[in-house]
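One structure below.
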Amino acid sequence: MEKVEYGIKEATPSLPDRALLVVPHKDKVLTVSYPAFGPNTYSGNLAEMQKRYSHSEDLPNISFRELTTSESISAVAYKFAERAKPEIFDPRWFQAGRIARTSKGVFANLPKDAQGNPILNEKVLNSYLDKAEKVKVGNGHIYLGENDFGFAEYETFEQKVQDCDTFAESGLARVLEHTKGRAEKLREIASPKLYKRGVNIWGFDSVSESVLRVARLDSGRDIGSDRLDVVGNYWYYSYGDGYFGFAFGGLVSGEASTQKN
């Protein structure tokens, strides 16, 4: 006969705890993981998002999804100087989301095929532009579509050191934040109060065949934390400490991520 042990049996949590951060995003409320996932490669952080976590009695079994670049920017912009800058941007890198560099410009928040993989075929990607809103920016155009899909022609931004206003008005910033006008949240992040030496855009060179990359933001390493780097050559799969960064995940379970309080 099996021996019975009498008395209290302490609960053993089966799922790791995960806190949540609630931030404003456009006209909605966005709920994300806190702290951000990482440091890891972007593919590694996405894998961690899909695991199961526990937050509270109301949300005992949750997981997270990949954010769009626009959602990611909203997550880091909330109390940026107090949270994301010292916790993510200064010591490591922030992984804003997937992009594709092509021969004519940069796509953000790529549509996916039937298997859930980002579409990289430039001809197919260009077909999505017909259904997107076309906006004149500088000497070129940006395109803004559904689900934060966007495209910035190379003529809409310059790869160089620039002030925060020039950056926020650029096609690249607008597409990453998915807005027709100035990218206000990126302007706030790049404030001269935080980055006295401006913004350095690099790694967005034209390529003959489209390549999948991750948009990366960080406090410039070579000159301390006085310049914001916006980089377009961050690898998706590569392993090695140089590619380890942080990414926020959007709450999947529960309605908190889509409704106002």
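The values are calculated or read from the model by the stated rules, or taken from the named source; none is laboratory data. All values derive from a computational prediction rather than experimental measurement. Cβ coordinates were reconstructed from backbone atoms using ideal geometry, including for glycine residues, and neighbour counts include every protein chain displayed.
Observations on the structure shown:
- Scanning the stretch 192-215 for residues that are within 16 Å of the chain's Cα centre (by Cα) and buried (at least 23 other Cβ atoms within 10 Å of the Cβ) turns up Val214, Ala215.
- The residues of the stretch 40-57 that are within 22 Å of Trp93 (Cα to Cα) and either touching a strand residue (DSSP E or B) at 6+ places or on another chain (Cβ under 6 Å) or of a type in the set (A, V, I, L, M) (or both), listed by number, are Tyr42, Asn45, Leu46, Ala47, Glu48, Met49.
- Strands (runs of 3 or more DSSP E) enclosed by the stretch 91-191 - at least 1 residues per element that are touching a residue at least 40 places away in the same chain (Cβ under 8 Å), loosely packed, with under 15 Cβ neighbours inside 10 Å and not hydrophobic (A, V, I, L, M, F, W, C): 133-137
- Scanning the stretch 47-62 for residues that are touching a Gly at 6+ places or on another chain (Cβ under 8 Å) and buried (at least 19 other Cβ atoms within 10 Å of the Cβ) yields a count of 2.
- Residue within the stretch 217-227 that is part of a loop (DSSP other than H, G, I, E, B), within 21 Å of Ile142 (Cβ to Cβ) and out of contact with any helix residue (DSSP H, G or I) (no Cβ under 8 Å at 6 or more places or on another chain) present: no
- Residue in the stretch 78-88 that is surrounded by fewer than 16 Cβ atoms within 10 Å (Cβ to Cβ) and within 18 Å of Glu177 (Cβ to Cβ) present: yes
- Top-ranked residue of the stretch 229-254 - restricted to ones that are closer than 13 Å to Leu20 by Cα and over 15 Å from the mean Cα position of the chain (by Cα), ranked as modelled with the highest pLDDT: Val252
- Taken together, the criteria place Asp148 among residues that are at pLDDT 95 or above and closer than 22 Å to Lys26 by Cα.
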